[in-house]
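As structure tokens, the structure follows; a few thoughts come after it.
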Amino acid sequence: MQKILIYGYGNPGRQDDGLGPRFIELCDAWIREQNLSHVFTDTNYQLNIEDAAEIAGYDTVIFVDASVVPELEEYKLETVEPNDARIEFTMHAVSVAYVVDLCQKIYKKTPKAYVLHIKGFEYDFKEELTPKATENMQAAFAYLKDFIGKL
């Protein structure tokens with residue numbers, strides 16, 4: 001059975017930016033209820049280069065983040081390939097592709113990687129999701145449970 005990591009990131013103090021960490025709360029409850037010994041979770045405010053070491057121990061990694069893309073209706077699961085074309089990072093965070101690329105280069109491991117984008121709407125300084133973002137998160141969660149069941 002594949003070892004799977006679901007990694008949610010975002011700032012719970014910025015309304016819908018907290019979709020990633022809130023998604024992990026749903027996953028943790030589901031993992032306990034279903035007694036899934038092969039599915040693990042992690043969460044942080046943002047991705048860092050150290051996450052390359054974290055993902056090296058998994059077969060599949062699903063990153064979960066809020067999205068502001070206008071065309072996105074509810075959620076979208078996207079495959080991530082290592083990105084060795086250019087360095088993609090700022091002083092505060094790195095991209096998912098960059099983390100996967102570092103994992104490949106440093107640890108010689110390339111887990112299957114995905115990003116689950118969940119549509120968010122408001123990013124004010126509040127510790128609550130908007131109702132529509134919560135609906136999107138629930139729909140994405142239902143999809144992800146099915147997706148993991150097919151891995």
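The values are calculated or read from the model by the stated rules, or taken from the named source; none is laboratory data. The structure presented is a predicted model; accordingly, all values stated were derived computationally and were not measured. As a convention, Cβ positions derive from the backbone with ideal geometry for all residues, glycine included, and neighbour counts pool all protein chains shown.
Observations on the model:
- Of everything in the stretch 1-26 that is in contact with a Ser or Thr (Cβ under 6 Å, 6 or more places away or on another chain) and touching a residue at least 60 places away in the same chain (Cβ under 8 Å), the residue that is farthest from A93 (Cα to Cα) is Q2.
- Selected residue (criterion: surrounded by the most Cβ atoms within 10 Å (Cβ to Cβ)) from residues of the stretch 124-151 that are outside any loop (DSSP other than H, G, I, E, B) and of a type in the set (A, V, I, L, M): M137
- Among (1) over 24 Å from D16 (Cα atoms); (2) at pLDDT 90 or above, the one test that V99 misses: (1)
- Residue satisfying all of: in the stretch 72-96; aliphatic (A, V, I, L, M) and over 13 Å from V61 (Cβ atoms); modelled with the highest pLDDT among these: L72
- So A97, is it touching a helix residue (DSSP H, G or I) at 6+ places or on another chain (Cβ under 6 Å), over 20 Å from I148 (Cβ atoms) and outside any loop (DSSP other than H, G, I, E, B): no
- Qualifying residue in the stretch 101-117 (condition: among the polar types (S, T, N, Q) and assigned to a helix (DSSP H, G or I)): yes
Here's the yes/no breakdown for (1) closer than 22 Å to V100 by Cα; (2) in contact with a Gly (Cβ under 9 Å, 6 or more places away or on another chain); (3) surrounded by 15 or more Cβ atoms within 10 Å (Cβ to Cβ); (4) modelled with pLDDT under 95:
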residue	(1), (2), (3), (4)
D16	no, yes, yes, no
H38	yes, no, no, no
L47	yes, no, yes, yes
E50	yes, no, no, yes
E54	yes, no, yes, no
Y58	yes, no, yes, no
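- So T79, is it farther than 15 Å from G20 by Cβ, among the β-branched types (V, I, T) and in contact with a Pro (Cβ under 9 Å, 6 or more places away or on another chain): no
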